[in-house]
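Contents: one structure, followed by commentary.
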Amino acid sequence: METARHDLVILGGGPGGYVAAIRATQLGMNVACIEQESALGGTCLRVGCIPSKALLESSERYEQAREELATHGVGVGEVSLDLATMMKRKDKLVTILSKGVEGLLKKNKITRHVGHGRLLAPGRIEVTRGDQRIELEAAHVLLATGSKSAGLPGIEPDGDRIGTSTEALSYSEVPEHLIVIGAGAIGLELGSVWRRLGAKVTVLEYLGRILLGMDAELAGEALKVFKRQGMQFLLGCRVTSARVEGEQCVVESAGNEPRRGDRVLVAVGRAPNTDDLGLEAAGVRTDRKGFVSVDEHFATSAAGVYAIGDVIGGAMLAHKAEEEGVACVEQLATGYGHVNYDAIPNVVYTEPEIASVGKTEAELQEAGVEYRKGAFPFVANGRARALGNTTGQVKMLADAATDRILGVHILGPRAGDLIAEAAVAIELGASSEDLARSSHAHPTLAEALKEAALAVDGRALHV
Ligand code: NAD
């Protein structure tokens, strides 16, 4: 049997795995990447970030055409929905981007294996596809196998009416009543898509708030906006079971009347993909929740085996996995490589968007860090007025003694793009004064960041 030898074998062709593969070849390594799906790009590209953004964009345009264009003096007659075309556009986008990743692997001379990768021992991996099997040898192995939707006891997804984000990205018709379990990024983004397309949407959330981990004040403001948009919320609601009864689904929760809808989206978090990876055989340890345990250099308990991205836990974000993948292979090749977790932004692509980088007020208070706060509302920003989207604000938190920016939180139009400036500022160790003294083009949404920085020192100009 053929046994190829590589400097690095990567399990997983998602954003963590394929980006690590490219960086490793740039550093002179001979790399193979194993992916069990025929399309590259992982959850993010195939059934996550990219298709959801395609549907968010399309559904937003549909809603705007129906409800907003008239206020601009633009008449479009009767607006209709062609869901099949919307889905086709989304699928085409996924195919194009996945082919793009395939091209990148080829260009970088990365050996690609389609099949399931499994550790036989540190440095020995088998790849199986149907009844075909090959073995690979590697000086280093990188686990970048990502995550899958977490289940809830009492709920048996039937892959149709009761499903995860994967099904909710491809419903063949608009649900009459979509019941979403979990008010995290997935529940709110996909709930927004189907509400805009005409579904009644009810979100059932265990906690007393939405978007745990995001700034509490902005999450509260966002909740009010989502309610105004027509989404219904039941907070403090612990779902205990969901079942299909004919054409309907019945969702039961502690202390509430059962809810009925025609579709249920279970969005209660994600669990690591560690099934059948041969972790035990290789001596790779996992933690209590099943995530692969790593040290600060992404090394697992098995010699020469490393892990990055969702499978090691932390923020389950594509760009966090990319940063870890790059840092890990740079460490292998050069001895240096580092991820600044305080400078990793987090974005929820609802309308308005919610974006955050660095510490929240709650985190700073818990750590006993003294900080000063500056806030600026979009209602006082000329560009937001012109866009007709003045919801929300920029909030900046800076160290009370040094003025170093510790956190920036934005609810508002294009918050996901605006947060990039704040991430760079934190990465460079900037002060709020640095940002306040930087010229921002007028009229732009980014001026709200400058104004929030000025507000830290009580000298905002336009409020
Ligand atoms: P999440 O962990 O963000 O939110 C899940 C929510 O479900 C929580 O608020 C939790 O309290 C609630 N919940 C748990 N059990 C429940 C029960 N029995 N009844 C009612 N509510 C219950 O999970 P998610 O939204 O599924 O997202 C999964 C991961 O994917 C997250 O880490 C998220 O950051 C990531 N993601 C990110 C983006 C983005 O960056 N835009 C988009 C999608 C997903």
* Structure fact -> Of the candidates ILE155, CYS328, GLY100, the farthest towards the positive dipole end of the chain (Lys/Arg Cβ +1, Asp/Glu Cβ -1, centred on the Cα centre) is GLY100
* Assigning unit charges at the beta carbon (Lys, Arg +1; Asp, Glu -1) and nothing else, what dipole magnitude in debye, to the nearest 20, does the stretch 271-329 show about its Cα centre? -> 140 debye
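How high is the relative contact order of the chain, in percent, with contacts defined as C-alpha pairs under 8 Å that are six or more residues apart? Before the final figure, lay out the partial values.
Working: 1005 pairs, mean separation 65.4, N = 463.
It rounds to 14 percent for the chain.
Rounded to the nearest angstrom and ordered from largest down, what semi-axes does the equivalent ellipsoid of the stretch 237-303 get from its C-alpha gyration tensor (root of 5λ)?
On the way: eigenvalues 317, 36, 17 Å².
Result for the stretch 237-303: semi-axes of 40, 13, 9 Å.
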* Asked: In nm, to one decimal, how far is the GLU57 label point from the ASP457 one, both placed 7 Å along Cα→Cβ?
  -> 4.0 nm
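Would you please classify the overall shape of the stretch 331-408 from the alpha carbon gyration tensor, given that a ≥ b ≥ c denote the square roots of the eigenvalues, rounded means a/c under 1.5, and beyond that prolate means a/b larger than b/c while oblate covers the rest? Kindly include the intermediate steps, with their values, before the conclusion.
On the way: a/c = 2.66, a/b = 1.49, b/c = 1.79.
Taking the square roots of the gyration eigenvalues as a ≥ b ≥ c, the stretch 331-408 is oblate.
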* Sorted largest first, extent of the stretch 350-448 alpha carbons per principal axis (Å) -> 40, 27, 20
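In the calculated pair distance distribution of the stretch 162-268, what percentage of Cα-Cα distances lie above 16 Å? The partial results should precede the final answer.
Details: 3011 of 5671 pairs.
Summing the P(r) tail past 16 Å for the stretch 162-268 gives 53 percent.
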* Projected area of the stretch 363-421, taken from the Cα convex hull and averaged over every viewing direction, in nm²? -> 4.4 nm²
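Excluding GLN229 itself, what net charge comes from residues whose Cβ is under 14 Å from its Cβ, given Lys and Arg +1 and Asp and Glu -1?
Values: positive: ARG66, ARG195, ARG196, LYS200, LYS224, LYS227, ARG228; negative: GLU60, GLU63, GLU67, GLU68, GLU189, GLU221, GLU351, GLU353.
Net local charge, GLN229 excluded: -1.
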* Excluding THR43 itself, calculate the net charge of residues whose Cβ lies under 13 Å from the Cβ of THR43, where each Lys or Arg counts +1 and each Asp or Glu counts -1. => 0
* **Alpha carbon centroid spacing (whole Å) that separates the stretch 330-398 from the stretch 149-164** => 33 Å
* Structure fact -> Once Lys and Arg are counted +1 and Asp and Glu -1 for all other residues with Cβ under 10 Å from that of ARG372, the total becomes -3
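Using only the Cα atoms of the stretch 7-60, build the gyration tensor, take square roots of its eigenvalues as a ≥ b ≥ c, and label the shape rounded, prolate or oblate: rounded if a/c is under 1.5, else prolate if a/b is larger than b/c, else oblate.
prolate
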* To do: Considering Cα pairs under 8 angstrom that are at least six residues apart, work out the relative contact order of the stretch 162-268 and quote it in whole percent.
  => 37 percent
* Structure fact -> In units of 2.2 N^0.38 Å, the Cα radius of gyration of the stretch 266-329 is 1.10
* Structure fact -> Sorting LEU211, SER165, GLY230 by the position of each Cα along the dipole of the stretch 165-242 (Lys, Arg +1; Asp, Glu -1; all at Cβ), the one nearest the positive end of that ordering is GLY230
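Contour minus end-to-end for ASP399 and ALA315, with contour as 0.36 nm per residue of separation and end-to-end as the Cα-Cα distance?
Numbers: separation 84, 0.36 × 84 = 30.24 nm, distance 2.38 nm.
Length gained, ASP399 through ALA315: 27.9 nm.
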* Asked: Roughly speaking, what is the stretch gain from ARG437 to GLN132, that is 0.36 nm per residue apart minus the C-alpha to C-alpha distance, in nm to one decimal?
  -> 103.6 nm
* Asked: Relative contact order (percent) for the stretch 361-456, with alpha-carbon contacts under 8 angstrom and 6 or more residues of separation?
  -> 32 percent
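Convert 4 °C to kelvin, take the viscosity as 1.567 mPa s, use the Kirkwood radius over C-alpha pairs of the stretch 298-371 as Rh, and evaluate the Stokes-Einstein diffusion coefficient in µm²/s, rounded to a whole number.
Numbers: Rh = 14.4 Å.
Using the Kirkwood radius from Cα pairs, D works out to 90 µm²/s.
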* Asked: What number in nm² do you get for the stretch 1-141 if you take the convex hull of its Cα atoms and divide its surface by four?
  -> 11.1 nm²
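Return the FRET efficiency for the residue pair VAL250, LYS109: r is the Cβ-Cβ distance, R0 is 45 Å, and the value is rounded to the nearest 0.05. Could you put the intermediate results ahead of the total?
On the way: r = 54 Å, r/R0 = 1.20.
Plugging the Cβ-Cβ distance into 1/(1 + (r/R0)^6) gives 0.25.
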* Structure fact -> In vacuo Debye sum over C-alpha of the chain, base-10 log of normalised intensity I(q)/I(0) at q = 0.12, 0.13, 0.14 Å⁻¹, listed in q order, is -1.16, -1.30, -1.40
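A short reminder: the numbers here are calculations on the coordinates, not readings from a lab. Quick caveat, the model's predicted, so the values are computed rather than measured. Please note: Cβ atoms are built from the backbone with ideal geometry, for glycine as well, and neighbour counts cover all protein chains shown.
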